[in-house]
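J.: Let me begin by handing over the structure; questions about it come next.
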Amino acid sequence: MNGSLCFREADRQQFAQKLCRSEEDCDWDQCCIDAQTRIPGFHGICHNPTGRGEYCNPDPNDRTEEGRYKEACPCDKGLNCKSKEEIIGGKTRNFHVCG
């Protein structure tokens, strides 16, 4: 029973996000991230700037033709997108986080 309640809460949070076509549809401090949505005409989700330790896209020009970011919003003010390396199961994994 608790598992289904958690699932419903996760669904509620997901649907609470604002859909967007471009950044113009988002609040002044948000960006539009490219996403698969089921609503015709809306292909993105408004998202807050990426915070410390969160995954980021190192290329700020990596956008769709409509201007949506492809992976993540830019890092929050004062943070930079930095390369990070992690070894998992003996394999090296490279990714980027805001720091």
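The values are calculated or read from the model by the stated rules, or taken from the named source; none is laboratory data. Quick caveat: nothing in here was measured; it's all calculated off a predicted structure. Note: ideal-geometry Cβ built from the backbone for every residue, glycine included; neighbour counts use all protein chains shown.
J.: Among the residues that make up segment 70-80, is at least one of them touching a helix residue (DSSP H, G or I) at 6+ places or on another chain (Cβ under 7 Å) and either within 22 Å of Gln17 (Cα to Cα) or loosely packed, with under 13 Cβ neighbours inside 10 Å (or both)? Full working, then the answer.
T.: Keep residues of segment 70-80 that are touching a helix residue (DSSP H, G or I) at 6+ places or on another chain (Cβ under 7 Å), which gives none.
For segment 70-80, residues touching a helix residue (DSSP H, G or I) at 6+ places or on another chain (Cβ under 7 Å) and either within 22 Å of Gln17 (Cα to Cα) or loosely packed, with under 13 Cβ neighbours inside 10 Å (or both): absent.
Each row is one residue, and each column tells you yes or no for (1) modelled with pLDDT of 90 or more; (2) surrounded by 11 or more Cβ atoms within 10 Å (Cβ to Cβ).
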{"residue": "Gly44", "(1), (2)": "yes, yes"}
{"residue": "Arg52", "(1), (2)": "yes, yes"}
{"residue": "Glu85", "(1), (2)": "yes, no"}
{"residue": "Ile88", "(1), (2)": "no, no"}
{"residue": "Lys91", "(1), (2)": "yes, no"}
